[in-house]
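One structure is given here, and the rest of the page talks about it.
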Amino acid sequence: MIIVFGSINIDLVVPVERLPRPGETVLGPGYTLVPGGKGANQALAAARAGSEVRMVGRTGRDGFADVALADLRAGGVDLSGVAADALPTGCALIPVDGEGRNLIVVAAGANGAARAEQVPDALLVKDAIVVLQMEVPLAENWRLVDRAKARGARVLLNCAPAAAVPPASLARLDWLVVNETEAEILAGRLGLAAADPRAAGRAIATAAQTTVIVTLGGEGAVAYAGGQAWSVGVLPIKPVDTVAAGDAFVGAFAAAIDAGRDLPKALHRASVAGGLACTVAGAQPSLPTKAAIESRIADLPPPKAS
């Protein structure tokens, strides 16, 4: 089972000709209102990839809450861990240009009231996987890491958006997933020298003695564990929208591990899922099913040891 503790948002997605510079106004023809939030996206991605998933977080008592939870409910995600709060449901504004590139501004809202105690001890059992991100109060993440590891559960942290991770919490992780920027920021905050994202990932893995996965956009992803490294490419696609590609990667990776697959096989499936997410506009609408991932797995060569 996968327990996702994290954010639940509504995304306002605006197509634009180009992304704005600081201080610039760029007009778009309209907007789409879609469910989002890194926690919710990863929960749905893992469920669509075949896992039993419980979402734990908070929404407001407003009209956005029903929209934010609709796809999770339809996807079979257990929502019994989602609480309602006086604060508004979290919201993200996402302009997307013609190349699928985006900017994201998030208003935390009720996500700021999420608490680790919402995850009952009974769920933190051996073989359970706890998935965390960085869009809820970080101190609650670290409390949950401590509780999960004390009870034998496994923990995956997607350090997004980038922020400092206490070394003690980092060392307790089973998997850390970061993108290029996040890898370099985290390495810097840990005082680790790194010339590029790959070096940053390797340095973090060595220092924390944990598995570190670095997503590299159009160059695929690399994983470092126990002194070994694996690299995987990307699907041959034309991206429409890169929103939630990272969340699709994380959710599919967690689901693959939950199903008993080893690191290279999980990395392979995650990269396929991330690529497929780029072919559909929006966050949760883009998250691929298990069948879709399996239909394209042969189109991407498996990871290579490096």
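Before we move on, is VAL165 modelled with pLDDT of 95 or more, assigned to a strand (DSSP E or B) and in contact with a helix residue (DSSP H, G or I) (Cβ under 7 Å, 6 or more places away or on another chain)? The answer is no for VAL165. If the condition is being surrounded by 18 or more Cβ atoms within 10 Å (Cβ to Cβ) and either modelled with pLDDT under 95 or assigned to a loop (DSSP other than H, G, I, E, B) (or both), then segment 218-232 contributes only GLY220. Within segment 85-135, restricting attention to residues that are of a type in the set (Val, Ile, Thr) and in a strand (DSSP E or B), the residue that is surrounded by the fewest Cβ atoms within 10 Å (Cβ to Cβ) is VAL105. Taking the criterion of being within 15 Å of ASN158 (Cα to Cα) and either β-branched (Val, Ile, Thr) or part of a loop (DSSP other than H, G, I, E, B) (or both), the residues of segment 191-217 that qualify are ILE204, THR210, THR211, VAL212, ILE213, VAL214, THR215, LEU216. The residues on offer are VAL82, VAL145, and the sole one that is of a type outside the set (Asp, Glu), surrounded by 17 or more Cβ atoms within 10 Å (Cβ to Cβ) and within 26 Å of VAL212 (Cβ to Cβ) is VAL145. Under the condition of being within 15 Å of PRO35 (Cβ to Cβ), small (Gly, Ala, Ser) and buried (at least 24 other Cβ atoms within 10 Å of the Cβ), the residues counted in segment 47-61 number 2. Just one residue in the set ALA259, ALA305, ALA298, ALA291 is surrounded by fewer than 16 Cβ atoms within 10 Å (Cβ to Cβ) and at pLDDT below 95; that residue is ALA305.
Go through segment 15-71 and count every residue that is among the small types (Gly, Ala, Ser), outside any strand (DSSP E or B) and either under 27 Å from ILE257 (Cβ atoms) or in contact with a Cys (Cβ under 8 Å, 6 or more places away or on another chain) (or both).
Matching residues across segment 15-71 total 11.
Is it the case that segment 264-276 has a residue that's out of contact with any Ser or Thr (no Cβ under 6 Å at 6 or more places or on another chain), modelled with pLDDT under 95 and either closer than 20 Å to VAL14 by Cβ or surrounded by fewer than 24 Cβ atoms within 10 Å (Cβ to Cβ) (or both)? No, segment 264-276 contains no residue that is out of contact with any Ser or Thr (no Cβ under 6 Å at 6 or more places or on another chain), modelled with pLDDT under 95 and either closer than 20 Å to VAL14 by Cβ or surrounded by fewer than 24 Cβ atoms within 10 Å (Cβ to Cβ) (or both).
The values are calculated or read from the model by the stated rules, or taken from the named source; none is laboratory data. Keep in mind that this is a model prediction, so the values were computed, not measured. Virtual Cβ from ideal backbone geometry, glycine too; neighbours counted across all protein chains shown.
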